Amino acid sequence: MFKTYMRILRFASPISRYAVPYFIYSVLYAIFNTFTYVAAIPIIQSMFDPSFSWKPVNEFPDLAFNSDFMTAAVSYIYSQLFDEFSHIRMLALLATMVIIICFLSNLFRYLGAWTIENMRTRTLQSIRNTLFSHVIGMNIGFFSDQKKGDVMSRITNDVSMVQFCITNTLQVVAREPFLIIGYVAAMINISWELSVFAVLFLPVVALIVGSIVKRLRHPALKGQQRLGEMAATLDESLSGVKLIQSYNATDYIRNKFYAINAEFSQIVLSMARRQQLASPMSEFLGISAVGVVLVFGGMLVLKGSLNAASFIIFIGMFSQITRPVRAIIDQFATINQGLAAGERVFAMLDSKSEITDKADARKLESFESKIELKDVRFSYDGDRTVIDGVNLEIPKGKTIALVGPSGGGKSTLCELLPRFYDPISGSIEIDGIDLRDYTQESIRDQMSIVAQDTILFNDTIAANIGMGRRDATREEIIAAAKVANAHDFIMQTPEGYDTNIGDRGMKLSGGQRQRLSIARAVLKNPSILILDEATSALDTESEKLVQEALNKLLVGRTSVIIAHRLSTIHNADQIVVIERGRIAEQGTHTELIQKGGIYAHLIEMQSFE
């Protein structure tokens, strides 16, 4: 736990920028807050003590933290302002002082709260940025193993809970203890006998409420797990709402969500029951203590060892001292929840699925000659071998088509080229240099990918096309759209290139989305192009338009195509048949047809699945 807490604090660096002013504000707040009560003693004495008589004071008394100093200070100020004593004037002066002291107390309370809020917000911003940057850089396998809802829950809910480790800890260390010290010091000054009797009751409050708080950690962990499941179900349901409705599966999905939500709600209620019990329990114990103190203190007043005014103020301060004690206990509960959330956040940060560049990795400035795959092997997490000893040469400017049965390894092979994964043995080289010796960013600068599952964002058409080149002009975006056969349909949308296409481009047809994806690739003007089933999900008319756009895009580029339609691949310079992670056949369309092997059979079936 301590390591987790220290790691959280590193995100608030430099911590002194926040902790030092907060410490100062907390001390001043505690001092003025306590003086608010001490200043009331002269008021009560002047109003209700028959023996009270005012005496002029011509010298300011020595500073002391007690009621005698406050009475003498008030008398000195009154003596400087007025010549004769008047109860009305005295009350007006005392009321003014109380108002000023109360104002200063709350001013420093506000400044401390603002300092903490600034620290909390900046720290959470830093943690979220770090976690998101780490997650977005993970290899594709990480997202296959993780639920999207869990990832979202870590970045949003868990990071938000981490704030309790920041704000509450400083309050536990600084503000609340200073308040307790101030109250106890003032109470001891009023009556040490009554103070000892009263303070002995505080550990009882802490032990009872602490036992309630201690049981919150496990339900908090389960609650976050269920929240992640709920977010995952929600994301899947909204993404696949058409499929769900088409299969009349709404009741199934609805009941699944209801079940998770019910369990989550039960956990929340269990936690709330314990949390809500802590405050009433401590308040009840505090009031019970006040009742006992009233009896004991009343005896002291009757004996003449404590005056009535001081006793009333003592009761007021004792009733207040239970508040910071109760706050500290409550804060320990939320700190525990925050630390548990921090552990989950750091567990994700510590995951090693991220592909990192070597310290001396070079930048791929340009693609000059060829791509070579040399005895490449790959498997997911040491599981079944997906790519098994592939050797392949892709000359610059040539088009290589990968075909073969489903699950043979075609898509995996293409995902190795932009370093979504690294091979477990063998190498992939560009211009004779291993991909792992290049930076990932520079490799991907040379490539564009057009896949069957077109990824578009809830933004304008222009922003989606310009994603690969943020500095592109409107004229360049329009030119790319024309090459992709997309300009005409774009101009028919309500706001042209400034039209928002909705979540995942749902306002567009499949063919329109695909042409935007091609326009994005055209604008980037890559040296290497990867097409993964780019036309497989389109109708005949859309396929024709997309294929025309692809033919323009392929000219002069090194291209790797995965396809199942003859119209897409029969003009490729080389066709490579991948089966069970190996190259089963290789040659031109004519050569492979004459061979009469796997490729010829697939052509006969007209389905490269």
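Bear in mind that the values in this text are calculations on the coordinates, not laboratory data. From a predicted model like this one, the values you see are computed outputs, not experimental measurements. All Cβ positions, even for glycine, are placed from backbone atoms using ideal geometry, and neighbour counts span all protein chains on display.
Taking the Cα centre of each part, how many Å lie between region 95-117 and region 395-423?
Their Cα centres are 67 Å away from one another.
Report the FRET efficiency, 1/(1 + (r/R0)^6), for S160 and N58, where r is their Cβ-Cβ distance and R0 is 45 Å, rounded to 0.05.
My answer for the efficiency is 0.15.
Would you grab the residues whose amide H sits under 5 Å from the one on T588? Only those 5+ places off in sequence or on another chain, please, with H modelled 1.01 Å from N.
Answer set, sorted by chain and number: I575.
If you keep only loop residues by DSSP, which GluC sites (Glu not before Pro) in region 408-510 have at most 13 other Cβ atoms within 10 Å of their Cβ?
On the way: sites: E415, E429, E441, E475, E476, E495; in loops: E495.
Those satisfying the criteria are E495.
5 Å is the cut-off here: which amide hydrogens, built 1.01 Å from N in the peptide plane, fall below it relative to K398, excluding neighbours closer than 5 in sequence?
S559
Run the reach check for K303 against aspartates and glutamates, Cα to Cα strictly under 17 Å, same-chain hits fewer than 8 apart removed. What comes back?
Candidates past the 8-residue exclusion: D49, E193.
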